[in-house]
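A.B. asks: Okay, here's the structure, questions in a sec.
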Amino acid sequence: MLEHGGMDGVFKALADPTRRAVIAQLSCRRRAVSELAQPFDMALPSFVQHLKVLERCGLVRSEKVGRVRSYELVPKRLREAESWLCEQRQMWEQRLDQLDAYLEELKATEDQEGTL
Amino acid sequence: MSNNNFPWTLNPKLDLVLERVVDVPVHMVWKAWTDPKHLVKWFTPRPWKTVECKIDLRPGGQFYTVMQSPEGETQPPGNGCYLEVIENQRLVWTGALGPGFRPNDTSEAPFLFTAAIVLEEVKGSDGKPATKYTAIAMHSEEAGCKTHSDMGFHEGWGAALDQLVELAKTW
């Protein structure tokens, strides 16, 4: 009934501060690799590894135009990550709404018949 | 909540706590939760249905439900067991254990839960006895890891990511 597949990669990817910072950088717009790497004191190949982790789990996608590869965010993946507990809450709210309505019915019957 | 009514510690990042007051006596709320004939009438959010229910009301006793989709497809049963049964006060059950406290095969149900219903008699709007009840659903940390509200729990998710998720909602 509930979709929750394949999120482990997302959370593993986001467990790293460099990768979280990349996500934050991408939250306003698409950026080229060199621009993304600039704030980090890190060799480019290592940095590119981080980008690959993000892309593999579907949080970002990249495109190469000429010699420049640039990255953008895939917001759908983050939405999937945040939705589970929210779904659980909705399910419980509705269940309890139904319970309360049913109890009102029962009470009305009990008042009439004097039994439950 | 951690008091005599539910003397366990909850984690707001993993657990749901829903409190309601309903204008019926405690024993009726208890009945609705513990008698299959009543439970099937309301337990599953519509348009889904509970088509089967077995209740063996004692610690270790079976709490078995089968749901059916709106298209008429029957789902794998929930076969949990009760952990605590205090009539008209508290009912605790889990999906992690089956009848007789035997651990369930959890590969089919990756998110385990323990749930509790805590009942308390209060005075209703008409002065007659009413019931305050609290529904608690506790989840494992694994489940919490998969939720946004839990993002602070993984070290340093930070404000940037919250903003990001806000942004993502608008897309």
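A.B. asks: Just counting partner chain Cβ atoms within 10 Å, what average do the residues of peptide A:102-111 show around their Cβ?
C.D. replies: 4
A.B. asks: Give the residue from A:His50, A:Pro17, A:Ser62 lying farthest towards the positive end of the charge dipole for the range A:11-63; charges sit on Cβ (+1 for Lys and Arg, -1 for Asp and Glu) and the dipole is referred to the Cα centre.
C.D. replies: Checking the options against the dipole of the range A:11-63, the answer is A:Ser62.
A.B. asks: Ignore the peptide's own chain and count Cβ atoms of other chains within 10 Å of each Cβ in B:24-31; give me the average, rounded.
C.D. replies: 4
A.B. asks: I want to check the label-to-label distance for B:Gln89 and B:Thr106. Put each point 7 Å from Cα in the C-beta direction and report it in nm to one decimal.
C.D. replies: In this crude spin-label approximation the distance works out to 2.9 nm.
A.B. asks: A further question on this structure: Show B:Asp126, A:Asp111, A:Asp41 ordered by accessible area, largest first, where the area counts protein heavy atoms only and the probe is 1.4 Å.
C.D. replies: Ranked list, largest accessible area first: A:Asp41, A:Asp111, B:Asp126.
A.B. asks: Next up: Which value, in square angstrom to the nearest 100, describes the accessible area buried between chains B and A on both sides, using a 1.4 angstrom probe?
C.D. replies: Using a 1.4 Å probe on protein heavy atoms, the buried area is about 4500 Å².
A.B. asks: Based on Cα coordinates alone, diagonalise the gyration tensor for the range B:61-102, multiply each eigenvalue by 5, take square roots, and list the semi-axes in whole Å, largest first. Show your work: numbers first, answer last.
C.D. replies: Values: eigenvalues 118, 33, 7 Å².
Output for the range B:61-102: semi-axes of 24, 13, 6 Å.
A.B. asks: Determine the share of the range B:1-94's accessible area contributed by carbon and sulfur atoms, expressed in whole percent, with a 1.4 angstrom probe.
C.D. replies: About 49 percent, which is the carbon plus sulfur part of the accessible surface.
A.B. asks: Just the Kirkwood number for the range A:25-78, please: inverse of mean 1/r across all distinct Cα pairs, in Å, one decimal.
C.D. replies: Hydrodynamic radius (Kirkwood, Cα pairs) of the range A:25-78 is 11.4 Å.
A.B. asks: Another question, if that's okay. Counting just the Cα atoms, what span does the range A:13-115 cover along each of its three principal axes? Round to the nearest Å and put the largest first.
C.D. replies: Principal-axis extents of the range A:13-115 (Cα, largest first): 81, 25, 21 Å.
A.B. asks: Here is a follow-up. Report, in whole Å, the centroid distance computed from the Cα atoms of the range A:90-113 and the range B:70-134.
C.D. replies: 16 Å
A.B. asks: When only DSSP loop residues count, what GluC sites (Glu not before Pro) in the range B:1-104 have their Cβ near at most 16 other Cβ atoms within 10 Å?
C.D. replies: Here the GluC sites (Glu not before Pro) that fit, given the DSSP loop and packing criteria, are B:Glu71, B:Glu73, B:Glu87.
The values are calculated or read from the model by the stated rules, or taken from the named source; none is laboratory data. Fair warning: this is a prediction, and the values are worked out from it, not measured in the lab. Note: ideal-geometry Cβ built from the backbone for every residue, glycine included; neighbour counts use all protein chains shown. Please note that ligands, DNA and RNA were not included when accessible areas were found on the heavy atoms of the full protein model with its side chains. Shrake-Rupley method; radii C 1.70, N 1.55, O 1.52, S 1.80 Å.
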